[in-house]
Amino acid sequence: MKILLLITLLFFGLNSAAISQNEGEDQQLDSLWNLEDLNPDDYDFTEDFPMTYSKGWFPRPLKTTFGIGLSYGGGSTHDAASKMRSKSFVQTYNGFQGGYGFKDDQEEIKKQGSEDFEDEYPEPTLWDLGLTGFFSSKYLIFEAQAKYSRTHGILSSIDDTRSFLNLAGHKQKFLEGAVVHIADHNIRLSFGLTLPIYGAFVFENYSISSYYYIQAGVAFEIPISSSATQYFQVLDTKDDLRYGNGTDTVRVMHDVKLNTLTDVRKSFEIALGGITDFNVVGIEYSFRYSFMFNSMLTDAIWKQHQFRLNMGIYYNIHR
């Protein structure tokens, strides 16, 4: 029992000594980090990067920027006219309407002396290529475009009063269509105000922005070269009836400039698109719709709807 008591007392004694030693070391270590003795000038501090941003619905550009880029657009046109008559055309029975008013594949043209169709016939398409510049304030973005554009327009008319003598010697009615196809080379100028509707603008030592937008503006097309073709076409009895040239189509006007062509076409334009910007370089994509508020002719009402998909890349000159 005495031996066991001595061992127990020895254990507690050694343990107390170890604890006392550790407490002394802690006090000594604590004394090394006396905050009153620290000098801020002896240490280098790095401040946080300054950041300015706007995000969510209707974000603001926040800073004044200027950029320029290259853009390409492609799409289609839809011509608006009703029972139109003009001095520029060979007259038709019912006047002209916009686009093809024919059914099925009646607009396709038969090859000469054959029942096969030609590979091509006029279609209402468009494309453009040019420069885009933009200037952004703290709230809105102003955009201007200067482009070369190529547009095609289609007018048509159907005459149901025509007839011919068939192989049986009987008088047979047929539908005769008339088509006007206009192909224009234009200088296209457009100006619009852009409102960001959702996204983010972030400015640090570098800048990143990504947002969707709506845009409204005006466009002006100045034809620098214009050629029109008018032809008549058999619509419903293509296999039984041909004109004297061996086809179902006969031209009455070919690649001429219309006498009553308007010098400047004016349009209202709206766009819905998006922009992704990586500091100095950005990409833009948009769907654009424009509608003329004056006529393509001076003596008749012929307007045009234009639908285009636009893609562009630009460089930020000032940010």
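Does residue 225 fit the bill of being touching a strand residue (DSSP E or B) at 6+ places or on another chain (Cβ under 9 Å), among the polar types (S, T, N, Q) and crowded, with 18+ Cβ neighbours inside 10 Å? Taking the combined requirement at face value, the residue does not satisfy it.
Within the stretch 219-240, residues that are over 21 Å from residue 179 (Cβ atoms) have Cβ atoms under 9 Å from residues that are of a type in the set (Phe, Trp, Tyr) and not in a loop (DSSP other than H, G, I, E, B) in these pairs: 219/191; 219/268; 220/191; 224/148, counting only partners at least 6 apart in sequence or on another chain. Residue count for the stretch 64-85 satisfying the condition of being among the small types (Gly, Ala, Ser) and in contact with a Pro (Cβ under 7 Å, 6 or more places away or on another chain): 1. Assess whether residue 201 counts as being over 21 Å from residue 293 (Cβ atoms) and either of a type outside the set (D, E, K, R) or modelled with pLDDT of 95 or more (or both). When the stated conditions are applied, residue 201 passes them. Of 135, 96, all but one fail to be surrounded by 15 or more Cβ atoms within 10 Å (Cβ to Cβ) and either modelled with pLDDT of 85 or more or of a type in the set (S, T, N, Q) (or both); the exception is 96.
One residue is enough: does the stretch 237-257 have a residue meeting the conditions among the small types (Gly, Ala, Ser), part of a strand (DSSP E or B) and surrounded by fewer than 20 Cβ atoms within 10 Å (Cβ to Cβ)? No, the stretch 237-257 contains no residue that is among the small types (Gly, Ala, Ser), part of a strand (DSSP E or B) and surrounded by fewer than 20 Cβ atoms within 10 Å (Cβ to Cβ).
Quick check: is even one residue across the stretch 232-240 closer than 26 Å to residue 74 by Cβ and either out of contact with any Lys or Arg (no Cβ under 8 Å at 6 or more places or on another chain) or in the same structural domain as residue 254 (by TED's automatic domain parsing) (or both)? No.
The values are calculated or read from the model by the stated rules, or taken from the named source; none is laboratory data. Nothing here was measured: the structure is a model prediction, and the numbers come from that model. Every residue, glycine as well, gets a Cβ built from its backbone with ideal geometry; the counts of neighbours run over all protein chains shown.
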